[in-house]
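Peer 1: Here it is, the structure, as structure tokens.
The values are calculated or read from the model by the stated rules, or taken from the named source; none is laboratory data. Just so we're clear, the structure is a prediction, and the values are computed from it rather than from any experiment. Glycine gets a Cβ as well: all are built from the backbone with ideal geometry, and neighbour counts include every protein chain shown. Accessible surface is based on the protein model in full, side chains and every heavy atom, while ligands, DNA and RNA are left aside. Shrake-Rupley method; radii C 1.70, N 1.55, O 1.52, S 1.80 Å.
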Amino acid sequence: MPKRRTDDVVHAVMTDHYIQRRRPARDLLAKIAERHETDATAYHGKVVLYYPRTAPRPEDELYLAIAQVAQKSNPDQGIAQLSAAIEKYRPERAEYYFELADAWRKNGHGEGSPLYEEAIRRKPISWRRCGDWLLA
């Protein structure tokens, strides 16, 4: 059985069980170039809830806002959305405060220290995550 590279995975070679009458036009074992996402080709739109299409729960609103800032798809809108969601729901988990503080720090929107301190107050063991900020 002949071997060929897969079309969906760059560095994988598989056995081709489909016996073709004519030989393919390209070399089936030739390396395939990887496509890397650049800032120009990256998605910069709104992150939306795909499923279920019902009204989001409070956690969904917070997670959608975190996805906005973590994936850098639309950080300005995501920071505003996450800030509003934290103000509205006052979540107990420290991760929301960490994510907002990180987004503020990475995007130059202001000082994230009060949010880091709030996250540490809510979950004292999480101080390691912002260790670089604390040492600065």
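Peer 1: Output the residue which, of all residues in region 60-81 that are more than 14 Å from the chain's Cα centre (by Cα) and free of Cβ contacts under 8 Å to residues at least 24 places away in the same chain, is surrounded by the most Cβ atoms within 10 Å (Cβ to Cβ).
Peer 2: Result: Gln81.
Peer 1: Filter region 1-23 for residues that are open to solvent by less than 100 Å² (accessible area, probe 1.4 Å) and touching a residue at least 12 places away in the same chain (Cβ under 8 Å) and give the result.
Peer 2: Across region 1-23, the qualifying residues are Pro2, Arg4, Arg5, Val10, Val13, Thr15, Asp16.
Peer 1: Next up: Among the residues of region 61-71, are any over 24 Å from Ala101 (Cα atoms) and either assigned to a loop (DSSP other than H, G, I, E, B) or in contact with a helix residue (DSSP H, G or I) (Cβ under 7 Å, 6 or more places away or on another chain) (or both)? So that I can check it myself, show each step before the final result.
Peer 2: Our first condition is that a residue be over 24 Å from Ala101 (Cα atoms); within region 61-71, this holds for none.
No, region 61-71 contains no residue that is over 24 Å from Ala101 (Cα atoms) and either assigned to a loop (DSSP other than H, G, I, E, B) or in contact with a helix residue (DSSP H, G or I) (Cβ under 7 Å, 6 or more places away or on another chain) (or both).
Peer 1: Another one. Is at least one residue of region 109-119 in a helix (DSSP H, G or I), open to solvent by 40 Å² or more (accessible area, probe 1.4 Å) and modelled with pLDDT under 70? Quick ask: steps written out before the conclusion?
Peer 2: Here is the first cut: in region 109-119, the residues in a helix (DSSP H, G or I) are 113-119.
When the remaining residues are screened for being open to solvent by 40 Å² or more (accessible area, probe 1.4 Å), the result is 114, 117-118.
From what's left, modelled with pLDDT under 70: none.
No, region 109-119 contains no residue that is in a helix (DSSP H, G or I), open to solvent by 40 Å² or more (accessible area, probe 1.4 Å) and modelled with pLDDT under 70.
Peer 1: Okay, next question. Of everything in region 84-103, what is small (Gly, Ala, Ser) and farther than 19 Å from Leu49 by Cβ? Give them in sequence order. Write out each step before concluding.
Peer 2: Step one: list which residues in region 84-103 are small (Gly, Ala, Ser), which gives 84-85, 94, 101, 103.
Across region 84-103, the qualifying residues are Ala94, Ala101, Ala103.
Peer 1: Considering only region 27-35, I want to know if a residue exists there that is open to solvent by less than 90 Å² (accessible area, probe 1.4 Å) and part of a helix (DSSP H, G or I).
Peer 2: Checking region 27-35: not a single residue is open to solvent by less than 90 Å² (accessible area, probe 1.4 Å) and part of a helix (DSSP H, G or I).
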